1. Output ³J(HN,Hα) for region 110-115: one whole-Hz value per residue in order, computed from phi by the Karplus curve 6.51 cos²θ - 1.76 cosθ + 1.60 with θ = phi - 60°, and x for Gly and Pro.
2. Pull up all non-local amide H partners of Lys155: gap of 5 or more, or a different chain, and H-to-H distance under 5 Å with H placed in the peptide plane.
3. Considering only the other residues whose Cβ falls under 11 Å of the Cβ of Val136, what net charge follows from Lys and Arg at +1 and Asp and Glu at -1?
4. Quick one: which residues, 5 or more positions from Leu142 or on another chain, have an amide H under 5 Å from its amide H? H modelled 1.01 Å from N in the peptide plane, none for Pro or chain starts.
5. Assuming R0 = 30 Å, can you tell me the calculated FRET efficiency for the pair Arg139 and Lys115, based on Cβ-Cβ distance, to the nearest 0.05?
6. Quick check on packing: order 196-205, 153-162 by the mean number of other C-beta atoms within 10 Å, highest mean leading.
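Just so it is clear, none of the values below were taken in a lab; they were calculated from the coordinates. Note that the structure is predicted; figures quoted are calculated from it, not measured. Here the Cβ positions follow ideal geometry from the backbone for every residue, glycine too, while neighbour counts run over all protein chains shown.
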Amino acid sequence: MVIVAIYGYPISLNIYAARLDDPATKYVITGPDGWKPESVKIYGYNSKAVTISLNHSTHSKEKKKKKKSQEMATAKTVKDVNPHEFVKAYAAHLKRSGKVELPDYTDLVKTAKFKELAPYDPDWYFVRAASVARKVYLRGGLGVGAFRRIYGGSKRNGSRPPHFCRSSGAILRHILQQLESMNIVDIDTKGGRKITSNGRRDLDQVAGRIVSP
């Protein structure tokens, strides 16, 4: 058995090293976290000399990979997280805040005239509001007309060809007004809405609590 010392602590080489092929006196040391090649002292293999290869580059790559995975684990902004996960999280945040005033027709209205039924999700208003806030965050200058096109869809006309139809403007206008009253978005002088500093901080805080896959 070859005995070496790392940072002054003697260890057996078979713990932190892998023996290579013949001759049997060749070894490669990978070492623990934070080790340096100059910190290794060789005591020898009985009375024979041994050949030691300090494999520092392999451990360095593993350390960089681990650091990168840790950085990816914690999201910092809205752009770093999955859109679907963020919309769900921010919709729940809006519902918990109690600052959103729902219109009286939320349990009856359709979100567009091309829809056949009202939304099944009882919290659909918060989901749509979270989606609108995210889109304003990522791309400012969007107004009611732009959102009507974004949330539009194909209208079924039976045996006739389907045609594109815009979403409801009243719902989107009400959502933007609610977000504006909460200081999440504000009117852009160039047209549409823009995210406020308070809104950016609010959305980033919610995104920071989401772990990226």
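1. Working through the residues one at a time gives 8, 7, 6, 6, 7, 6 Hz.
2. Residues meeting the amide H criterion: His163, Phe164, Cys165.
3. My count for the surroundings of Val136 gives +3.
4. Arg193
5. That gives a FRET efficiency of 0.75.
6. In descending order of packing, they fall as 196-205, 153-162.
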